[in-house]
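Participant: Sharing a structure, written as structure tokens. Questions coming.
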Amino acid sequence: MASAFGAGLSPWAPGTMGSLAALVLWWPLLNTGAYAWVWAATVIVGVPLCGWAAHALGRSDPPAVVWDEVVGMGVALWGMPANPLWVAVAFGLFRLFDIAKPPPLRMLERLPGGFGIMADDIGAGVYARLLLAGLLWTMPAFHR
């Protein structure tokens, strides 16, 4: 489960594969009342899950553990129009911020255990969502 049901086991860009796998969960939930509840459940399960998997694999943030990408993509997509273009932009921005780790994301990554594994990706999702909010506000004709 920590590998997003195998996506994190990809030999090529496991974080990107985990983020793509996250679309399977989040796309059907876009703009539904269940979104917030499911996202909260992914966090509640994810913190101990990621911490346990990291401990079991003997690394602080193993590449195969991509549940944090699932949670971070959930933030980036929160309230987005169910439009393939906007979902693709959200995906790209999330990956950009997750890889670049602008301040304070690198600092959040240093939190202990599952909190650190999850916190920087939640932060990357927040950065992506804020930028998307600005884009959506400036391009109202493209909301659908």
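Participant: State which residue pairs qualify: first residue under 8 Å from A124 (Cα atoms) and inside region 93-106, second residue buried (at least 19 other Cβ atoms within 10 Å of the Cβ) and of a type in the set (V, I, T) in any location, beta carbons under 9 Å apart, and separation of 6 or more residues or different chains.
Facilitator: Short answer, once both residue conditions are applied: F94/V75.
Participant: Ok, one more. Checking K101 against (1) surrounded by fewer than 20 Cβ atoms within 10 Å (Cβ to Cβ); (2) under 20 Å from R129 (Cα atoms); (3) at pLDDT below 95, which single condition isn't satisfied?
Facilitator: Among (1) surrounded by fewer than 20 Cβ atoms within 10 Å (Cβ to Cβ); (2) under 20 Å from R129 (Cα atoms); (3) at pLDDT below 95, the lone unmet condition for K101 is (3).
Rundown of residues vs (1) surrounded by fewer than 19 Cβ atoms within 10 Å (Cβ to Cβ); (2) in contact (Cβ under 8 Å) with a residue 12 or more places away in the chain; (3) of a type outside the set (D, E, K, R), yes/no style:
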{"residue": "V38", "(1), (2), (3)": "yes, yes, yes"}
{"residue": "P48", "(1), (2), (3)": "yes, yes, yes"}
{"residue": "V87", "(1), (2), (3)": "no, yes, yes"}
{"residue": "M118", "(1), (2), (3)": "no, yes, yes"}
{"residue": "D121", "(1), (2), (3)": "no, yes, no"}
{"residue": "Y127", "(1), (2), (3)": "no, yes, yes"}
{"residue": "A133", "(1), (2), (3)": "yes, no, yes"}
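Participant: Same structure again: Quick check on my filter: what residues within region 1-26 are of a type in the set (F, W, Y) and over 13 Å from the mean Cα position of the chain (by Cα)?
Facilitator: Once the filter is applied, which keeps residues that are of a type in the set (F, W, Y) and over 13 Å from the mean Cα position of the chain (by Cα), region 1-26 yields F5, W12.
Participant: Across region 1-35, what is the number of residues that are in a helix (DSSP H, G or I), surrounded by 13 or more Cβ atoms within 10 Å (Cβ to Cβ) and either touching a strand residue (DSSP E or B) at 6+ places or on another chain (Cβ under 6 Å) or free of Cβ contacts under 8 Å to residues at least 24 places away in the same chain (or both)? Give the steps one after another, and end with the answer.
Facilitator: The initial filter retains those residues of region 1-35 that are in a helix (DSSP H, G or I), namely 7-9, 14-29, 35.
If we keep only those that are surrounded by 13 or more Cβ atoms within 10 Å (Cβ to Cβ) too, we end up with 7-9, 14-23, 25-27, 29, 35.
Keeping just the survivors that are either touching a strand residue (DSSP E or B) at 6+ places or on another chain (Cβ under 6 Å) or free of Cβ contacts under 8 Å to residues at least 24 places away in the same chain (or both) gives 29.
Number satisfying all stated conditions: 1.
The values are calculated or read from the model by the stated rules, or taken from the named source; none is laboratory data. None of these values were measured; they are calculated from a predicted model. Note: ideal-geometry Cβ built from the backbone for every residue, glycine included; neighbour counts use all protein chains shown.
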